[in-house]
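Each reported figure results from applying straightforward, stated rules to the coordinates on display, with no laboratory input. All figures in this text were calculated on a predicted structure; none of them were measured in a lab. Quick reminder, even Gly has a Cβ in these numbers, built from the backbone with ideal geometry, and neighbours come from all protein chains shown.
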Amino acid sequence: MRFLWLFIFLAPLAYNALSQNKTASVKGKLIDEQGKGLLGIISGILIWRTTRNNNKYTSKQRLFHHNITKISLAICLSLFPAFTILFLANKLVPMDFINRVDLVNQLFFAGWLALTIIGSLWKSYAKQNRNYLLIGGVLSLCLPLANGFTTRDWFWQVWSTLPRVSYVDVFWLISGLSSLYLSIFVLNTSNKSDKPTQEYSIPDRNQNAKFILKVKPKAIKPRLVSS
């Protein structure tokens, strides 16, 4: 999940530095502060999950910990594609639209909620990480296209006249391609579930359960000693 952490931390900084729009710059600063907070939140979630994945807890308790971790990670990791939805809505909704700010905010929170619900249904944390990178990568590639179709300022045409606009589009293009590469080739893991299985379940501590360790004897092969 370090790839999503890196993007959440660096994307608002780059967007804030490259954007010449004051409103977008302020929005980038706010998202930057949220991204820094997410680093601590995700770290705390994973530490909380790791410390409770031991023999002190029953199978029901470990299943509860797994579900809480999965929902919490879905809320945090889905912010990457949700941020791209926010920027897309800010670009596609006309400036003269009535209650434009409310509509953009509603699209952002509705998209975040939908992505969180979908991510909570995935079985493993690796699948959450991979799929959110995949969705965020596709949406990131849509941002330069949305900017080009709405403003006609394609980054290869205004490279010399509007360099900051070109830098922002190139940044999102690189982010999208990098996310797609990571999700398809680097994080192409199996769909194995992180859900605690019955074979690793631990009996209740209140019950007088006896553990019997069965060790299969290893066959000893005769050794030939040469004279």
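Key figures
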{"quantity": "Cα-centred dipole magnitude for segment 69-135, charges only on beta-carbon of K, R (+1) and D, E (-1), debye, nearest 20", "calculated": "380 debye"}
{"quantity": "Share of alpha-carbon pairs per 5 Å distance bin for segment 64-165, given as whole %", "calculated": "2, 13, 18, 17, 16, 12, 9, 6, 3, 1, 0, 0"}
{"quantity": "27 Å Cα-Cα threshold exceeded, pairs from Lys91/Lys123; Lys60/Lys123; Lys56/Lys123", "calculated": "Lys91/Lys123"}
{"quantity": "Backbone HN-Hα couplings from phi across segment 113-129 [Karplus 6.51/-1.76/1.60, Hz, Gly and Pro as x]", "calculated": "5, 5, 5, 5, 5, 5, x, 5, 8, 6, 7, 10, 5, 5, 5, 4, 4"}
